Amino acid sequence: MKKLILALTILLFQIACHTKTDVPHYTVINAVDLYTGKGKCGEILIPSISRETKPNERDRILRDILKKEGWVIISAYASMEAYNEKSCATLPMRAKAFKEGYIGKIDENGTFSD
């Protein structure tokens, strides 16, 4: 009986401590060390996510991937066309492919922007 109780306790503990995250398949496009020495910055491609996905869901997904990869900053794109069209231009001046395929970013302060 003691063994059964111990086994159940261990099982329940493992279930309670296991947090499942639904991270969609993604591809790392680029990852570099930050010049500040505070970690890495990465850019990813997630074709299964789009601008139609709610911002809070995109935020959660990016935070999960950020944690998984151990990065400090992350930027995500739905397509390589969006990635290839990134620039320093203001949003209205950016290419259509970027506007449609940019999923979002979490900066070094932990702020999500899209």
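Figures for the structure shown
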{"item": "Alpha carbon Rg of region 73-113, scaled by the compact-globule rule 2.2 N^0.38 Å", "result": "1.13"}
{"item": "Arg63/Ala95 FRET efficiency (R0 35 Å; Cβ-Cβ; nearest 0.05)", "result": "0.80"}
{"item": "Segment Lys54-Met80, length gained on full extension (0.36 nm per residue, minus Cα span)", "result": "7.3 nm"}
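Bear in mind that the values in this text are calculations on the coordinates, not laboratory data. Not measured: the values here are computed from a predicted model. Virtual Cβ from ideal backbone geometry, glycine too; neighbours counted across all protein chains shown.
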